[in-house]
Every structure is written in C-alpha cells, then in structure tokens.
Amino acid sequence: MRLFVGIALPLEVSRMIAGLSVGIPGAHRVSPENMHVTLRFIGEADNVQAEYIDMNLAEIKSPAFEIRLSGVDYFGSNRKVRSLWAGVEKNEILIRLHEKVESAVVRSGQQPGGHKFKPHVTLARFKGGAPSIAGAFIAANNGFAAGPLPIDRFTLFQSCLTDNGAVYSALAEYPLIG
C-alpha cells in the first residue's frame, strides 16, 4: 500500500481554494476531498510496516495549532511545471510536528525523507506544463490568503492510484492536544 502522513483541510476551505486552479490548460486538478498538507510521503509499505508506522505515529505528542495559507507557487523547473500549490505559512509547531513525524517514520524502518519540508497544498498537477502557465497562475493568485485554520489532528493516509487520479483513505488519525 502507498502511504503518507498529512493534515486534512476542512472541506469548505478545500472547496474555496480549489477555485484557484479552475480553467488552467492541461491541469489535473486535485479534488477538494484530497487536499491536504503533506507532513511526510512514505511510499510503498506492507501491512506489517504500516502497523509499525501507526504505532510510532500514535506516540507523538504535539499541541493543536493554527495554520494560514498564503500565496501560490509551483514545483518544477523553468522548462516544465509539475504542480501548482498554495503555500502554508511556517510556524514552529508545524515544523516540530513534521520533525516528530519524520522521526517516527524512520524509527519504523523507513528511509529518511530526502526533501526539505515546504508546507503547501497541491492544487493541480501537470504532465509537463509550460512555464507560462505557472507565471499566469502566480500573477492571478499571489495575493491569496486564508486562515487561520485550526489543526487538531494529523492522519496516516493510504493513496490508491486509479485511472481517474489518486483516492486517499484515512487509515488512522492522531489527535493533537489542546
């Protein structure tokens, strides 16, 4: 099974920010039900590995907190856009939660993550989008802001790839303490 750890957004917020990617040529838009902030992409894991990951994530202690969404950008290069996203303002509690999740996943036998943590919500993906698409998207939406959004849990998700895109299922939720 394909796993990741993330923070689900309230559906009403996801529906609102999904509107940012309407009408973009070649975009594979992320459905509001799938919008989240990834804390750690894990990848393929069997049932035993998933149980270890779940046990270690359940031990994490962290306070509840708020996030703010701010600005938009893209991942890719000057030649090829891979995805468009809304930024999440960093805060110390979010960064510490990411570090605790990373540590729990590594203790579960997974390899350390190789990317610097850049909190964001993916809005659309491309198979080789033109840089002009990203430029127009940023120009139209860079003043975007939303929040504060209360965060009181994080989730272990399973991602099932289908012909119509990924479908995410919550395998376990972990409460954050007031």
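Which order do the peptides 58-65, 29-36, 131-138 take when ranked by the mean count of other beta-carbon atoms within 10 Å per residue, highest first?
The most tightly packed comes first, giving 29-36, 131-138, 58-65.
Using 7 Å Cα-to-Cβ label points, what is the Ala58/Arg2 separation (nm, one decimal)?
Between Ala58 and Arg2, the simple spin-label model gives 2.7 nm.
Which label belongs to the value computed from this structure, given these candidates for volume of the Cα convex hull per residue in Å³: (1) 131; (2) 113; (3) 123?
Working out volume of the Cα convex hull per residue in Å³ from the coordinates points to (2).
Roughly how big is the stretch 2-175's charge dipole about its Cα centre, with Cβ charges of +1 (Lys, Arg) and -1 (Asp, Glu), in debye to the nearest 20?
Around 680 debye, computed over the stretch 2-175.
Would you mind ranking Arg96, Arg125, Arg79 so that the residue whose beta carbon has the fewest other beta carbons within 10 Å leads the list?
Arg79, Arg96, Arg125
Which of Phe117, Val88, Ile133 sits closest to the plus end of the dipole of the stretch 72-178, meaning its Cα is farthest towards the positive end, when Lys and Arg get +1 and Asp and Glu get -1 on the C-beta?
Positive-most Cα among the choices belongs to Ile133.
Using 0.36 nm per residue, how much length does the chain from His115 to Leu161 gain when fully extended, once their Cα-Cα distance is taken away?
Additional length available on full extension: 14.3 nm.
Ile177 versus Ala146, label points 7 Å from Cα toward the beta carbon: distance in nm?
Output for this residue pair reads 3.1 nm.
We did not get these values from a lab; they are worked out from the coordinates using the rules stated. Remember, predicted model here, so these are calculated numbers, not experimental data. All Cβ positions, glycine included, derive from the backbone under ideal geometry; neighbour counts span all protein chains shown.
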